[in-house]
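A short write-up of the structure that comes next.
The values are calculated or read from the model by the stated rules, or taken from the named source; none is laboratory data. Just so we're clear, the structure is a prediction, and the values are computed from it rather than from any experiment. Cβ: placed from backbone, ideal geometry, glycine included. Neighbour counts: every protein chain shown. These area figures cover heavy atoms from the full protein model, side chains too; ligands, DNA and RNA do not enter into them. Shrake-Rupley method; radii C 1.70, N 1.55, O 1.52, S 1.80 Å.
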Amino acid sequence: MLHAKLTDLEGSFQSSTLTQIFSPLLEQKKIECWVKRDDLMHPIISGNKWRKLKYCLDHALKLNSHTIISMGGAYSNHLHALAYTCKQLGLNSRGIIRGEEAKQKSPTLLDLQKWGMDLRYVPREAYRVLRQLKEYDALPGNKTGEYWLPEGGATALALKGVADIVTELETEFDVICVPCGSGTTLAGIIASCSENTKVMGFSALKGAGFLSKDIEQLLKKNHSNKIHWLIQLDYHFGGFAKCNNELLLFINDFKTCHNIVLEPVYTAKMFYGLFDLIQQDHFKAGQKILTIHTGGLQGNR
Ligand SMILES: *Cc1c(COP(=O)(O)O)cnc(C)c1O
């Protein structure tokens with residue numbers, strides 16, 4: 001059973017509903033497109049970050065951990081969700097931040113500070129070394145009560161939380177689309193959906209060919225051997241957090257047409273890529289596609 005503190009916190013969340021979207025393109029190509037609204041779950045804790053954190057924090061609480069330590073960049077949605085959640089749960093949090101402390105802090109870092117996260121800055125080389133640590137007790141010098149979460153919350157327990165997305169669905173879809181950073185959310189969907197569903201990730205990073213191997217490793221830990229998945233590597237718009245006018249126009253249009261807010265790092269790139277693929281007849285007429293709106297709107301600031 002989930003730790004009572006987490007059940008309480010989750011009780012304050014909104015449910016993640018399904019919205020169908022309509023457009024001349026979808027009508028012309030006879031594609032049914034739905035959005036799972038993980039962006040609506042909580043005003044501060046980003047949807048997929050909660051999914052990934054939930055069972056890790058449950059594990060940490062059951063180990064009587066008092067401090068959660070993790071790592072990320074100055075705009076990290078993962079650290080943002082972690083710092084806020086730890087504050088709500090009465091846990092200490094420590095964030096290892098890539099690069100030097102800047103004079104002008106990002107809005108994300110200011111929030112982390114406000115929520116009491118202990119921020120430590122490390123040079124990029126040291127950061128790369130920390131990135132390799134995957135297990136909860138893997139941090140060198142780890143003390144009793146300290147719990148390590150790898151970058152992006154990429155753990156086997158995270159997949160279990162992401163699987164809830166699939167469990168909540170009442171119908172089957174031909175395709176499920178999800179944006180990818182570390183690929184953990186994608187792996188969780190792959191591991192939990194039916195053989196009849198094809199899962200498609202859209203990478204927010206440039207040159208993300210390595211992602212498939214990371215995902216296969218996570219799936220192996222989860223004893224999954226699904227094959228119907230792939231990652232679109234060409235909709236990164238120049239790289240992680242890079243953006244151009246075309247993407248900003250797309251975000252504006254999307255808001256006007258569907259009344260759904262996207263952010264430029266992950267979700268806009270996925271929808272842009274999906275619509276491009278639909279335009280190119282990548283999907284068969286009559287197919288039902290589900291997209292996951294992973295949230296992340298705090299990064300818009
Ligand atoms: C972190 C994040 C992702 C990427 O999730 P991964 O599990 O790291 O692939 C996607 N969308 C949003 C909004 C995010 O904040």
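Highlighted here are the strands (runs of 3 or more DSSP E) found entirely within the range 1-102 that include at least 1 residues which are over 15 Å from His293 (Cα atoms) and away from the ligand (no atom under 16 Å from the Cβ): 32-37, 67-72, 92-98. Residues of the range 15-31 that are under 22 Å from Val261 (Cβ atoms) and surrounded by 11 or more Cβ atoms within 10 Å (Cβ to Cβ): Ser16, Thr17, Leu18, Thr19, Gln20, Ile21, Phe22, Ser23, Leu25, Leu26.
Mind checking whether some residue in the range 159-166 is open to solvent by 50 Å² or more (accessible area, probe 1.4 Å) and assigned to a loop (DSSP other than H, G, I, E, B)? No, there is no match, as no residue in the range 159-166 is open to solvent by 50 Å² or more (accessible area, probe 1.4 Å) and assigned to a loop (DSSP other than H, G, I, E, B). Does the range 90-134 hold any residues that are at positive phi and touching a residue at least 40 places away in the same chain (Cβ under 8 Å), and which are they? If the condition is that a residue be at positive phi and touching a residue at least 40 places away in the same chain (Cβ under 8 Å), then Gly90 is the only one that fits. Across the range 131-159, which residue is nearest to the ligand (Cβ to nearest atom) among those that are under 23 Å from the mean Cα position of the chain (by Cα) and polar (S, T, N, Q)? Looking at the filtered set, the residue picked out is Thr155.
On the stretch given as the range 85-119, residues that are closer than 15 Å to His66 by Cα and open to solvent by less than 40 Å² (accessible area, probe 1.4 Å) total 7.
Here Ala81 meets the list (1) among the small types (Gly, Ala, Ser); (2) open to solvent by 20 Å² or more (accessible area, probe 1.4 Å); (3) modelled with pLDDT of 95 or more; (4) closer than 30 Å to Tyr272 by Cα almost entirely, failing just condition (2). The residues listed here are Asp214, Asp234; of these, the one that is over 14 Å from the mean Cα position of the chain (by Cα), at pLDDT 95 or above and not basic (Lys, Arg) is Asp234.
In the range 63-77, which residues are closer than 22 Å to Glu263 by Cβ and open to solvent by less than 10 Å² (accessible area, probe 1.4 Å)? Result: Ser70, Met71, Gly72.
Just a yes or no: is a residue in the range 60-82 of a type in the set (Val, Ile, Thr) and more than 19 Å from the chain's Cα centre (by Cα)? Working first, answer last.
So the first thing to find is which residues in the range 60-82 are of a type in the set (Val, Ile, Thr), and the list is 67-69.
Those still in the list that are more than 19 Å from the chain's Cα centre (by Cα) too: 67.
Yes, that holds for at least one residue.
Contact map, the range 176-190: residues that are on the phi > 0 side of the Ramachandran plot paired with residues that are within 8 Å of the ligand (Cβ to nearest atom), Cβ distance under 9 Å, separation 6+ or inter-chain. Pairs shown: Gly183/Gly152; Gly183/Ala154; Gly183/Gly201.
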